[in-house]
Amino acid sequence: RPAFSVQEPSGEDCTAAVKGEREVYFVEADGMTRCKVYDRYGLQCGNRIDGPAIVEEVDSTVVIHPGYTVEIDRYANMVIQERS
């Protein structure tokens, strides 16, 4: 079985991973919306991002729509859920 790296929680604050901001079109927001852009490699266990947002890494980009939240789990997975 593969060995998984487990991270210790570092809290919800992920401002250290912010790369900048950009205008993005969201139908849910009725047009262009300014949202933060995050560096995927800077996100840690326990970090939380409220959409709208963009998460970039070398080979992919994840768009977090308005009304959704991302939490980084202890295996560094991005868990996206609709905000309740």
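What's the total number of residues in the stretch 10-25 that are farther than 15 Å from residue 49 by Cβ and either open to solvent by less than 100 Å² (accessible area, probe 1.4 Å) or touching a helix residue (DSSP H, G or I) at 6+ places or on another chain (Cβ under 9 Å) (or both)?
The number of residues fulfilling the criteria is 1.
Would you check which residues across the stretch 39-55 are in contact with a Lys or Arg (Cβ under 6 Å, 6 or more places away or on another chain) and either of a type in the set (A, V, I, L, M, F, W, C) or more than 23 Å from residue 6 (Cβ to Cβ) (or both) and list them?
Matches in the stretch 39-55: 45, 53, 55.
Just checking, how many residues over the stretch 61-78 are of a type in the set (S, T, N, Q) and either without any contact (Cβ under 8 Å) to a residue 12 or more places away in the chain or in contact with a Phe, Trp or Tyr (Cβ under 7 Å, 6 or more places away or on another chain) (or both)?
Within the stretch 61-78, residues that are of a type in the set (S, T, N, Q) and either without any contact (Cβ under 8 Å) to a residue 12 or more places away in the chain or in contact with a Phe, Trp or Tyr (Cβ under 7 Å, 6 or more places away or on another chain) (or both) number 2.
So which of 46, 51, 31 ends up being without any contact (Cβ under 8 Å) to a residue 60 or more places away in the chain, more than 16 Å from residue 11 (Cα to Cα) and surrounded by 14 or more Cβ atoms within 10 Å (Cβ to Cβ)?
51
The values are calculated or read from the model by the stated rules, or taken from the named source; none is laboratory data. Computed from a predicted model, the values in this text were never measured in an experiment. All Cβ positions, glycine included, derive from the backbone under ideal geometry; neighbour counts span all protein chains shown. For accessibility, only protein heavy atoms count, side chains too; no ligands or nucleic acids. Shrake-Rupley method; radii C 1.70, N 1.55, O 1.52, S 1.80 Å.
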